[in-house]
Amino acid sequence: VGAEQTLEGVGVEGVTVGSLRRGEGGPARFVRSLAEAWVAGVPVEWGALFAGSGAVRVDLPTYAFDHQRYWPKPTEATKATTTADPVDAALWELIDGDQDRMAAALDLDGDTAALVAPALSAWRERRRARATVDSWRYGDSWAPLSEPETAEPAGRWLVVVPRGWKDDPWLRSVVAELGEELTLAEAPAPDRAALAESFAAYAGEDFAGVLSLAAFAQEEGEHPATDVPQGLALSLTVVQALTDAEVTGRVWWATRGAVSIGGNDRVIEPGLAVLWGMGRVAALEMPARWGGLLDLPVEFDARAGQRLRAVLYGESGEDQVAVRSSGVFGRRLVRLPVGVVKRPGGWVPSGTVLITGGTGGLGG
């Protein structure tokens, strides 16, 4: 450390490599030090080290150096569309340059220039930093999908409903539109063992898929617009119990009015939106069991039923879908435009705030 600080102190570029460490001082440590010097650009005669050892050159595995970008590439629409103004450029050149020259050009006294220049420069740096962060931002978007063709089920489907929902008019209309190749099962409560025992009766059937409407389960006094519903726990328990009972078929979770595709499409039941976050985790942790997420319209008619059948029974490859009166929409990750992001007003707490996870790097 002292040698490195000395090099920095005299303004010399160099690399410091130690050959001794506590508990290390043999040939292996020395070879490691040679390697550290080599990657820093110091020439090392490796032939002398390997002479007589029988070592030969081998090709490095290419996969370690094969980079693949998974984020969407920026398009022209996401890039800044403004061009530099020569007048602005000249002004900032003055501000960032000699203060006496700036004071003369802007007809300011020296004291004022000494206060104004640093403040403006700091403001500009903050703006630049914010623009850089904005260029990294991604968000959700809903893309209209091509109108799906009517599809027929490849086999019988299992439809799981919460207790007391078999006679619900909306649910009955959904089930009626799915066709006759259905088995309806009731999930009374989020009890994994009890549900697994109940689902064991279906273990011998080769289901083509499972549609879970367990998200609509509600406890007495629960407000669907504000409370995290009981259906969250029941939906997860249903998937676990189906796996325990060895019931086949990929599982789709259905919600109603839990997401907005934009425009006038309002979120009717924000409590159910939590299920969409949990569903994406389930997709990662249970890829062999997972089917997808569906958000259905409040007004469910024959047209919506045709689209639902096409999504469930077809092979669109989509796993996050919203069915609406205007069409079928798939969820997409997109880069947000730079410089046009609307930020909500600040939040002022009215009392003590508890921050969890605040000691980590992200929290800080």
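Below is a table of values for the structure above.
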{"quantity": "Longest DSSP-loop-exposure-free segment, trypsin sites (Lys or Arg not before Pro), the chain, at most 15 other Cβ within 10 Å", "calculated": "167-265"}
{"quantity": "Rounded FRET efficiency, nearest 0.05, which uses the C-beta distance separating Val281 from Asp85 and R0 of 45 Å", "calculated": "0.45"}
{"quantity": "Over the chain, relative contact order from alpha-carbon pairs under 8 Å, at least 6 apart, %", "calculated": "17 percent"}
{"quantity": "Candidates Leu106, Leu20, Leu120, ranked by Gaussian network fluctuation over the chain, Cα under 10 Å, top entry", "calculated": "Leu20"}
{"quantity": "Segment 234-364: C-alpha gyration tensor shape, a/c 1.5 cut-off, then a/b vs b/c", "calculated": "oblate"}
{"quantity": "Per DSSP, loop GluC sites (Glu not before Pro) in segment 278-342 with at most 12 further Cβ within 10 Å", "calculated": "Glu299, Glu315"}
{"quantity": "Taking segment 67-209 and dividing mean pair separation by its residue count, relative contact order in percent (alpha carbons under 8 Å, at least six apart)", "calculated": "19 percent"}
{"quantity": "Relative contact order (percent, whole number), segment 232-343, Cα cutoff 8 Å, 6+ residue spacing", "calculated": "22 percent"}
{"quantity": "Charge dipole magnitude, Cβ of K and R +1, D and E -1 - segment 109-208, Cα centre, debye nearest 20", "calculated": "820 debye"}
{"quantity": "Rounded to whole Hz, the Karplus (6.51, -1.76, 1.60) HN-Hα couplings of segment 126-142, x for glycine and proline", "calculated": "5, 5, 5, 4, 5, 5, 5, 5, 4, 5, 8, 7, 10, x, 8, 9, 10"}
{"quantity": "Nearest-ten-degree value, helix 86-96 long axis tilted from longest Cα axis of the chain", "calculated": "60 degrees"}
{"quantity": "Net charge dipole size for the chain [Lys, Arg +1 and Asp, Glu -1 on Cβ; Debye, nearest 20]", "calculated": "420 debye"}
{"quantity": "Cα gyration tensor shape of segment 45-184, rounded if a/c is under 1.5, else prolate or oblate by comparing a/b with b/c", "calculated": "oblate"}
{"quantity": "Gyration tensor (alpha-carbon) shape descriptor, the chain, a/c threshold 1.5", "calculated": "oblate"}
{"quantity": "Helix axis angle, 302-313 relative to the chain longest principal axis, alpha carbon, degrees", "calculated": "60 degrees"}
{"quantity": "Thr112 accessible area, 1.4 Å probe, all protein chains in place, Å² to nearest 10", "calculated": "50 Å²"}
{"quantity": "Solvent exposure, largest accessible area first (probe 1.4 Å, DNA, RNA and ligands not counted), of Met278, Met102", "calculated": "Met278, Met102"}
{"quantity": "DSSP beta bridge pairing in the chain, given as percent antiparallel to the nearest 5", "calculated": "35 percent"}
{"quantity": "Loop-resident sites, segment 157-217, for GluC sites (Glu not before Pro), counting at most 16 other Cβ within 10 Å (DSSP)", "calculated": "Glu180, Glu181, Glu205"}
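The values are calculated or read from the model by the stated rules, or taken from the named source; none is laboratory data. Just so it is clear, the model here is predicted, and its values are computed rather than measured. No Cβ is skipped: glycine too gets one built from the backbone with ideal geometry, and neighbour counts run over all protein chains shown. For the accessible areas, the whole protein counts, side chains as well, though only heavy atoms, and no ligand, DNA or RNA atoms are used. Shrake-Rupley method; radii C 1.70, N 1.55, O 1.52, S 1.80 Å.
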